[in-house]
Amino acid sequence: MPEITLEIVPAVVIPTHLTGEVQSKLAYVDQGIAKAVVSADGLHITLHLHQQPNSAERSRLEEKVQRVVTSLARGAIQPKVQVLEDFMDRPVRYHQDPNDVLLARGEMSQEAQGIFTLGPLVTRLIEFFENQFLGLAASFNAAPYRFPTLIPARYLERVNYFRAFPHSLSFATHLREDLDVIDDFAQHAACDHEHLLGALNTSAESFAPIQTLLSPAVCYHLYFSLADKPLPGGQLVATAVGNCFRYESFNLRSLERLWNFTMREIIFVGSKDFVLQNRELARQEMAQRLEKIGLAYRVESANDPFFIGEFRKQAAFQSAFQLKYEIRASLPFKNATLAVGSYNYHQDFFGRNLNISLPDGSGAPAGAPVHTGCVAFGLERMAYAFLAQFGPEPANWPAVVRDWIKTSAAPQNPGGA
Ligand code: AMP
Ligand code: ZN
């Protein structure tokens, strides 16, 4: 079938620092778009479409694309990128995309777009990185927590999540408690290669109103558990690992960008100084750990991928107040970097919105909202970036990684038989 493309000239030139942002947001413009490419000079947009549009569809598409372009790019000011660490010149040994070899060896298999199972090699590597993060957490005496995968809608609403990131939400629902509905579903549910057909045949009223979503981050659960009361002791360091979900449409490809991924976080709650000092200490300790591993990366200021209505204001705010830094690991095979972790400071945003206050004697006026911050690591991305730099053969890995994996491996035959 010939490829169907649509060329669009953006209403305003897309500045270089926003071409990636616009390109990834175009995924959410229309289901008919299979891929979107913004030219490096910001003067052209090429949409790859599933079907030839008629003229009405075409103008509707163009109008929606221009809406994305103007809200992200019109009057945009390039933020000054602050680089805190730059170790991009560390020697790397591999220059291929590890996805292909991992798939070929059965070390990774795709269940659906953005959903992968991982085999023993990647799992052991993730265990190695988890051990590093647990070591980092232990140096802060972080209290361990376990959080659910589901998160109530009313929690996310309280922290403005629906307005900031509507595009990446994943909803959880179930059949209504009604014998006829459940019987009907049981008899008619079937799947084509992607979709549950029963869900299409079954009317929308068969599903219960949405109470919960799949959680997009780990630290939110801690803040919600502290809501509407003073923080005992005035400060807290916690750590947890959890499944996170961010729907990223056609941007979901390979281990690089997942719908369902795992995050380890170390979370700081207390006064402004407490949070900022600990975020900085965590960065310094992590730098030492990454040096021993030999990872090529830099740490630089960044912003979250807010949706178009909120992007300009929020991204500028994050940048002005140095709220987010990302660890961006080198991907030598494509001469690019990938965020494998972040150092975040939320000021008193969660303290104010969730009514978490500082108690008497904590330095700040009693009743003032707590400040929060977190350091967050994407486990799959850490392993992916490592494999992109050192390849899939453990013999070529740095000794610290190889040795840890060797000594921590469970004995295969405990009885020796
Ligand atoms: P963030 O809260 O956006 O700073 O995310 C923390 C870390 O989670 C990032 O630095 C990534 O390593 C990881 N992460 C975020 N989104 C994804 C995704 N879609 N797929 C895989 N890892 C992700
Ligand atoms: Zn967090």
**OP:** Keeping the other protein chains in place, figure out the carbon and sulfur percent of the accessible area of region 4-73, with a 1.4 Å probe.
**Re:** 51
Original post:
Just how large is the dipole of the chain about the Cα centre, in debye to the nearest 20, putting +1 at every Lys and Arg Cβ and -1 at every Asp and Glu Cβ?
Top reply: 1120
Subject >> Average Cα contact separation per residue, region 223-370, under 8 Å, 6 or more apart, as relative contact order % >> reply: 27
Subject >> Estimated [θ] at 222 nm from DSSP helical runs (n ≥ 4, -39500 (n - 2.57)) normalised by residues in the chain, nearest 500 >> reply: -10500 deg cm²/dmol
Original post:
What Kirkwood radius, in Å to one decimal, follows from the Cα pairs of region 258-339?
Top reply: 15.0
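What size of dipole, in debye to the nearest 20, comes out for region 4-73 about its Cα centre when the only charges are +1 on Lys and Arg C-beta atoms and -1 on Asp and Glu C-beta atoms?
Charge dipole, region 4-73, about its Cα centre: 120 debye, nearest 20.
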**OP:** Report, largest value first, the span of the C-alpha coordinates of region 202-315 along each principal axis, in whole Å.
**Re:** 55, 41, 30
Subject >> Interchain or long-range residues, amide H under 5 Å from TYR297's placed H >> reply: PHE87, MET88, ARG90, SER330
Original post:
Could you list, bin by bin from short to long, the percent of Cα-Cα pairs of region 4-73 in 5 Å steps?
Top reply: 3, 20, 33, 26, 13, 5, 0
Original post:
Which links in LYS272/LYS313; LYS292/LYS406; LYS25/LYS272; LYS80/LYS272; LYS64/LYS334; LYS272/LYS292 stretch past 29 Å when you go from one Cα to the other?
Top reply: LYS25/LYS272; LYS64/LYS334; LYS272/LYS292
**OP:** Take each complete run of DSSP H in the chain, measure how far its Cα atoms stretch along the helix's own axis, and keep only those covering 24 Å or more with mean Kyte-Doolittle hydropathy at least -1.0; list them.
**Re:** 55-73, 120-139, 272-293
**OP:** Could you give the size of the charge dipole of region 1-132 about its Cα centre, using +1 on the Cβ of each K and R and -1 on the Cβ of each D and E, expressed in debye and rounded to the nearest 20?
**Re:** 300
**OP:** Could you work out how far the C-alpha centroid of region 248-294 sits from that of region 102-129, in angstrom?
**Re:** 21
Subject >> Equivalent ellipsoid dimensions for the chain as semi-axes, Å, which come from the Cα gyration tensor, largest first >> reply: 34, 29, 27
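Of all beta bridges DSSP finds with both residues in the chain, what is the antiparallel percent, to the nearest 5?
95
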Original post:
Taking only protein heavy atoms and a 1.4 Å probe, what accessible area per residue, in Å², does region 131-232 have with all protein chains in place?
Top reply: 59
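The values are calculated or read from the model by the stated rules, or taken from the named source; none is laboratory data. Remember, it's a predicted structure, so these values are computed and weren't measured experimentally. Positions of Cβ are generated from backbone atoms using ideal geometry, with glycine treated the same way; all protein chains shown enter the neighbour counts. The accessibility values were calculated without ligands, DNA or RNA, using every heavy atom of the protein model including side chains. Shrake-Rupley method; radii C 1.70, N 1.55, O 1.52, S 1.80 Å.
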